[in-house]
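One structure is given here, and the rest of the page talks about it.
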Amino acid sequence: MATVHEVVDSPLGGLLLIGEASATAPGGTALASLSLPGQKGAALVTDGGPRRPAAFREIARQLEAYFAGELSRFTIEYTDAGTEFQRRVWRALEDVPYGRTTTYKEVAARVGSASVGVRAVGTAVGRNPLLVVRPCHRVIGSDGALRGYAGGLEAKARLLGLEGALPS
């Protein structure tokens, strides 16, 4: 599938957006990846493929509103890559309300994988290709500590601070 990309400015630095063609998405592009500068395991644009700012106009508008404190939930089309387990975990992330946090243990229970444990959930959360949009930053340790964020703990703290959900 043909992909396009764009870099959008944010308080966290340039966000790399990668999209795939979609007949139903605004701008004709469904978001496949949103990564932060220096993100562990981030998608890369290696061939200098086409940049298409117009394809990402709606997500850029929503990101700007989010960072301005005017948007609490994203309404964009995105691709649904990943294993079935990852998709279950990612759907659970989407249910964590703006301004709230949850724990890896609570996510494991929510997806019916308490027996698999928090480690498997943590791995699935860490492979979330849509940082910020799919709010994996809202998942913290059971002790209230910030734990593992592919974009870095400083970025996680900034996002939670923006939402008024930074644990004390």
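The values are calculated or read from the model by the stated rules, or taken from the named source; none is laboratory data. Remember, predicted model here, so these are calculated numbers, not experimental data. Heads up, the Cβs are rebuilt from the backbone with ideal geometry, glycines too, and the neighbour counts pull from every protein chain shown. To get the accessible areas, we keep the full protein, side chains included, count just its heavy atoms, and leave off ligands, DNA and RNA. Shrake-Rupley method; radii C 1.70, N 1.55, O 1.52, S 1.80 Å.
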For this session: Looking for whichever is modelled with pLDDT under 90, open to solvent by 30 Å² or more (accessible area, probe 1.4 Å) and under 18 Å from V132 (Cα atoms) here; the options are A43, A68. Which one fits?
Result: A43
For this session: Kindly indicate which of I59, I18 is within 14 Å of the chain's Cα centre (by Cα), within 18 Å of G151 (Cα to Cα) and surrounded by 14 or more Cβ atoms within 10 Å (Cβ to Cβ).
Result: I18
For this session: Tell me which of these Q86 doesn't satisfy, since it passes every other one: (1) open to solvent by 30 Å² or more (accessible area, probe 1.4 Å); (2) over 24 Å from R158 (Cα atoms).
Result: (1)
Exercise. Among the residues of region 88-98, which ones are in contact with a helix residue (DSSP H, G or I) (Cβ under 9 Å, 6 or more places away or on another chain) and farther than 18 Å from R147 by Cβ?
Worked result: R88, D95, P97, Y98
Exercise. If you check Y78, Y104, which single one turns out to be touching a residue at least 24 places away in the same chain (Cβ under 8 Å), of a type in the set (F, W, Y), surrounded by 13 or more Cβ atoms within 10 Å (Cβ to Cβ) and assigned by the TED database to the domain that holds L131?
Worked result: Y104
For this session: Have a look at A114, A109 and point out the one that is surrounded by fewer than 19 Cβ atoms within 10 Å (Cβ to Cβ) and assigned to a helix (DSSP H, G or I).
Result: A109
Exercise. Does R51 satisfy the criteria of being of a type in the set (D, E, K, R) and touching a helix residue (DSSP H, G or I) at 6+ places or on another chain (Cβ under 6 Å)?
Worked result: no
Problem set entry | Matching residues in region 144-168 - criterion: being farther than 24 Å from I18 by Cα, aliphatic (A, V, I, L, M), without any contact (Cβ under 8 Å) to a residue 60 or more places away in the chain and open to solvent by 40 Å² or more (accessible area, probe 1.4 Å) | L146, L166
Exercise. What are the residue pairs meeting all of these: first residue in region 120-143, first residue surrounded by fewer than 23 Cβ atoms within 10 Å (Cβ to Cβ), second residue among the acidic types (D, E), Cβ atoms under 7 Å, and 6 or more apart or on different chains?
Worked result: R134/E94
For this session: Could you please let me know if L34 is open to solvent by less than 20 Å² (accessible area, probe 1.4 Å) and outside the structural domain of V125 (by the TED database)?
Result: yes
